[in-house]
1. Select from the stretch 155-177 the residues that are among the aliphatic types (A, V, I, L, M) and either at positive phi or in contact with a strand residue (DSSP E or B) (Cβ under 7 Å, 6 or more places away or on another chain) (or both) and list them in ascending order.
2. Determine whether the stretch 173-196 contains at least one residue that is at pLDDT 90 or above and more than 26 Å from Asp227 (Cα to Cα).
3. So, in the stretch 250-274, of the ones that are out of contact with any helix residue (DSSP H, G or I) (no Cβ under 7 Å at 6 or more places or on another chain) and not in a loop (DSSP other than H, G, I, E, B), which residue ends up nearest to Asp57 (Cα to Cα)?
4. Taking the residues in the stretch 162-172 that are buried (at least 18 other Cβ atoms within 10 Å of the Cβ) and part of a strand (DSSP E or B) as candidates, determine which candidate is nearest to the chain's Cα centre (by Cα).
5. So for the stretch 227-244 (the condition being among the charged types (D, E, K, R) and in a strand (DSSP E or B)), does at least one residue qualify?
6. Take the residues in the stretch 51-86 that are under 39 Å from the mean Cα position of the chain (by Cα) and in a loop (DSSP other than H, G, I, E, B), then tell me which one is surrounded by the most Cβ atoms within 10 Å (Cβ to Cβ).
7. In the stretch 204-250, which residues are charged (D, E, K, R), in contact with a Phe, Trp or Tyr (Cβ under 6 Å, 6 or more places away or on another chain) and surrounded by 15 or more Cβ atoms within 10 Å (Cβ to Cβ)?
Amino acid sequence: MACPRLLVFLTSLALLAGVRASADTLQDPPDAATEATGGRFRQLAPGVLTVVEPNSDVADTVSRHDLVEILAADPAFGEREKSAGSSPAKEAVFRHEIWGLEFAFKPLRLIQVSVPNDDGELVTKNVWYLVYRVKNTGHRMKPTITEAGGFDGVVEMAENPQPVEFVPQFFLESPEFNKVYPDRILPLAIDAIQQREDPNRRFFDTVDIAGEIPVGKSIWGVATWEDIDPRIDRMHVYVGGLTNAYRWVDPKDQAGKYLYKPGESLGAHRQLAKKMLQLNFWRPGDEYLEHEGEIRLGAPDEVDYAWAYR
């Protein structure tokens, strides 16, 4: 009969082998990044990544607008005697095929890095950063058109999923102090973040990550900020480039008339807003000791994230 201690030892080895095998199946598939480093990606614990599904708001596929350039030249354009006030240049229907990317992100963190100042001297700063992953799942919404040429509110997934040109924008905003910080390209910080987060994975900055993402593929990036006001407690991080959804408004004066005048360039005064993902963070600390352990996703009176037009 085998020794009880030997049985325990052999059982432990079997369990460890099973755990290792399970962990290996959860690793990302090898790509150029792993081949270049010769290592494997670091396994993330469950719940570390917050995954946001692609934008799927049906309302983004259809909008109605007056054709202000036509109405400015002829306010009664296309009107009939029996349908005064009804013009094809009013409430015209615009249909859009909308794509969306899946976005996953890790908690907002801080790292101390030596970066060059305006004089070229290295100074140690707190750099705020957000590690994220974008994936092209092929999500693409197409509004259906009725036999009469109208829209019945039905949207179908477009056939033949296509690659998406990803051009990200990141802004960290403080509503309490009315400050907005665009992300900064900090190569020294990127290197330090990679060593901290996963030496075997390449994290692209906002410039290098821009490009086409094939269907089914994902890519990792990191947004970085410096010189953040230490008094800030609440932060909104806005992420652009995850969808091509947009809205526009042709502004009016106090009398309710469009500001556009005949002879002006097309689209003059028009205000365009793009749909962005808003991530809400809360840091219930003070300005004297900045520590990433104080940063929370969401806030007592806010959702963790939401889509917003900006």
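1. Answer for the stretch 155-177, where residues must be among the aliphatic types (A, V, I, L, M) and either at positive phi or in contact with a strand residue (DSSP E or B) (Cβ under 7 Å, 6 or more places away or on another chain) (or both): Val155, Met157, Ala158, Val164, Leu172.
2. Among the residues of the stretch 173-196, not one is at pLDDT 90 or above and more than 26 Å from Asp227 (Cα to Cα), which makes the answer no.
3. Lys274
4. Phe170
5. Checked against the condition, which is being among the charged types (D, E, K, R) and in a strand (DSSP E or B), the stretch 227-244 yields at least one hit.
6. Of everything passing the filter in the stretch 51-86, Asn55 is surrounded by the most Cβ atoms within 10 Å (Cβ to Cβ).
7. If the condition is that a residue be charged (D, E, K, R), in contact with a Phe, Trp or Tyr (Cβ under 6 Å, 6 or more places away or on another chain) and surrounded by 15 or more Cβ atoms within 10 Å (Cβ to Cβ), then Arg234, Asp250 are the ones that fit.
This table checks each residue for (1) within 16 Å of Leu130 (Cβ to Cβ); (2) in contact with a helix residue (DSSP H, G or I) (Cβ under 8 Å, 6 or more places away or on another chain); (3) aliphatic (A, V, I, L, M); (4) in contact (Cβ under 8 Å) with a residue 40 or more places away in the chain.
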site: Pro199; (1), (2), (3), (4): no, yes, no, yes
site: Glu212; (1), (2), (3), (4): no, no, no, yes
site: Gly216; (1), (2), (3), (4): no, no, no, yes
site: Ala223; (1), (2), (3), (4): yes, no, yes, yes
site: Pro230; (1), (2), (3), (4): no, no, no, yes
site: Val239; (1), (2), (3), (4): yes, no, yes, yes
site: Trp248; (1), (2), (3), (4): no, no, no, yes
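The values are calculated or read from the model by the stated rules, or taken from the named source; none is laboratory data. Remember, predicted model here, so these are calculated numbers, not experimental data. Ideal geometry is used to build each Cβ from the backbone, glycine not excepted, and the neighbour counts take in all protein chains shown.
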